[in-house]
Amino acid sequence: MDLIDRVAVVTGGGRGIGAAIAQGLARAGAQVVVADIDAETAERTAASLREWGGSALSGRADVSRVADAHNLVATTLERFGRLDILVNNAGICPLATIEEVTEDLFDRVMAVNLKGVFFVSQAAVKPFKEQRSGRIINIASVGGKTGGIMPVAPYSATKAGVISLTKSFASYLAPYGVTVNAIAPGPATTDMTRDWPADRVQAITQSIPLKRLARPEDIAAVAVFLASDKASYLTGEIVDVNGGLLMD
Ligand code: NAP
């Protein structure tokens, strides 16, 4: 139980990778605040953690809204008196070719995936500096390095931005003993990829050296490691969890 008594916030924790990360952190002993734009799915994840014997709360937070981002951290501090681990996981990935991308789609993807990561992290800066400890774990994507293997140009640009934010926050917070890292998953078996054409998924799977998509648990295991004391000398790092799809 590496994370006993640590307090963690996971955005987009209602389902998919965020739910698996919330579960991994709770199993490692952390008290977890599951935040999601959908209060019902957030509570479902939190309830499953409590049923298992963990300590978890849920709350609605739309990370694209700065007020929600700041309120999420403030509420966590009110409730637990501290925040140790922030996982910026919430993200959206609409499929659209470059010609199909509208201004609304572009703005929404930027707001959730990039602005959200910035402002939730910004809210955590003050408590982390005061505590002189803390962990930020951002969920980027292999697409942030390659431009994407599906028609998701704005999404890939946000994930490149998340990689850059990871390094900016890592440099800024290092003097306070706070580490900031990112995980760059390859395609994973969640609702985000559920509507991808089956033949495309098959072709992608064949191109992955380990011959399968990521499972949410593959990403959660790395997030739990990055949150633990074992990762205390790691910062500004982008950890590829992609079955060998991109080796760099
Ligand atoms: P998912 O199954 O679609 O889950 C995303 C979660 O985020 C959902 O619970 C969603 O709520 C929530 N969410 C969406 N917009 C939000 C907002 N504005 N504020 C708060 N929560 C919000 O996706 P996933 O596959 O687990 O992806 C999780 C992260 O991993 C994302 O950052 C994604 O880019 C990244 N990633 C995924 C893959 C992949 O292949 N799946 C690969 C690389 C990286 P709703 O249920 O209401 O929509």
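Please report how far the C-alpha centroid of the range 118-146 lies from that of the range 58-99, rounded to the nearest whole angstrom.
11
Pick from 160, 231, 22: which residue has the top mean-square fluctuation in a GNM of the chain where Cα pairs under 10 Å get a spring?
Its mean-square fluctuation being the largest, the pick is 231.
Using a probe radius of 1.4 Å on heavy atoms only, what accessible surface per residue do you get for the chain? Whole Å² is fine.
So the chain comes to 45 Å² accessible per residue, rounded to a whole number.
Once label points are set 7 Å from the Cα along Cα→Cβ at both residue 38 and residue 167, what is their separation, rounded to one decimal in nm?
Modelled inter-label distance: 3.5 nm.
Just the ratio, please: alpha-carbon radius of gyration of the chain over 2.2 N^0.38 Å, N its number of residues.
Rounded to two decimals, the normalised Rg is 0.95.
Arranged from highest to lowest average of other beta-carbon atoms within 10 Å per residue, in what order do the peptides 7-16, 115-124 appear?
7-16, 115-124
Could you work out what % of the accessible surface of the chain is carbon and sulfur, using a 1.4 angstrom probe and leaving DNA, RNA and ligands out of the count?
On the chain, the fraction of accessible area on carbon and sulfur atoms equals 54 percent.
Once phi is turned into θ = phi - 60°, what whole-Hz ³J(HN,Hα) does the Karplus curve with 6.51, -1.76 and 1.60 give for every residue of the range 120-125, x standing for Gly and Pro?
5, 5, 4, 5, 7, 4
Report, ordered by chain and residue number, the aspartates and glutamates lying within cross-link reach of residue 167, taken as a straight Cα distance under 12 Å and ignoring same-chain residues fewer than 8 apart.
Of all the aspartates and glutamates, those that pass the test against residue 167 - Cα under 12 Å, at least 8 places apart if same chain - are 237.
Residue 108 label point, 7 Å along Cα→Cβ, cut-off 20 Å on backbone N: hits in the range 61-92?
Zone members listed by number: 61-69, 89-92.
Based on the mean of other beta carbon atoms within 10 Å per residue, what is the order of 82-91, 216-225, 59-68, 43-52, most packed first?
Those peptides, ordered most packed to least, come out 82-91, 216-225, 59-68, 43-52.
Could you tell me the calculated FRET efficiency between residue 189 and residue 55, based on Cβ-Cβ distance and R0 = 30 angstrom, to the nearest 0.05?
Calculated transfer efficiency: 0.60.
Along the charge dipole of the chain, Cβ charges K/R +1 and D/E -1, which of 95, 33, 228 sits furthest on the positive end?
After comparing all options, I get 228.
The values are calculated or read from the model by the stated rules, or taken from the named source; none is laboratory data. None of these values were measured; they are calculated from a predicted model. In this analysis, Cβ positions are derived from the backbone assuming ideal geometry, glycine residues included, and neighbour counts consider all displayed protein chains. Remember, those area values only see protein heavy atoms, side chains included, never the ligands or the DNA or RNA. Shrake-Rupley method; radii C 1.70, N 1.55, O 1.52, S 1.80 Å.
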